[in-house]
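Peer 1: Below: one structure in structure tokens.
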Amino acid sequence: MRMSGGMGDLSSNSLLDNNRGATFQVTGQFVNAGTVSNAGTISTTGNFTNSSGGVITGPAAPLRGSITAGGYTQNAGMFGAIGRLDFCATMNHPAAG
């Protein structure tokens, strides 16, 4: 699924179910205020924000999904993923999250 037009916002009480093998791509920024169940790939060319009402969940490794952002990332919500959660900056290529 591809969203374009500058941004993608998932409003409160909304659900995005991104299955394994699927890619949810946003041209611009992505702001989550709902619930994202991610086993696939979420990619945004701009900023990614998980706002205070936002929930990110998904399966544990090795089936976990990924989120990449071309800009900054900000989390004020909840990452409810079971298992390890890695935060990595592509410009620094850290060995561990």
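Peer 1: How much length, in nm to one decimal, is gained on full extension between THR73 and THR23, taken as 0.36 nm per residue of separation minus their Cα-Cα distance?
Peer 2: Full extension of this stretch gives 16.2 nm more.
Peer 1: Something else: List every residue whose amide H lies under 5 Å from the amide H of GLY28, counting only residues 5 or more places away in sequence or on a different chain, with H placed 1.01 Å from N in the peptide plane.
Peer 2: For GLY28, the qualifying residues are THR45, GLY46.
Peer 1: Could you compute the FRET efficiency for SER11 and SER66, with r as their C-beta to C-beta distance and R0 at 22 Å, rounded to 0.05?
Peer 2: 0.45
Readers should treat all values here as calculations from the given coordinates under stated rules, not as data from a laboratory. Note that the structure is a prediction, hence the values are computed from the model and not measured. So basically every Cβ, Gly included, is an ideal-geometry build from the backbone, and we count neighbours across all protein chains shown.
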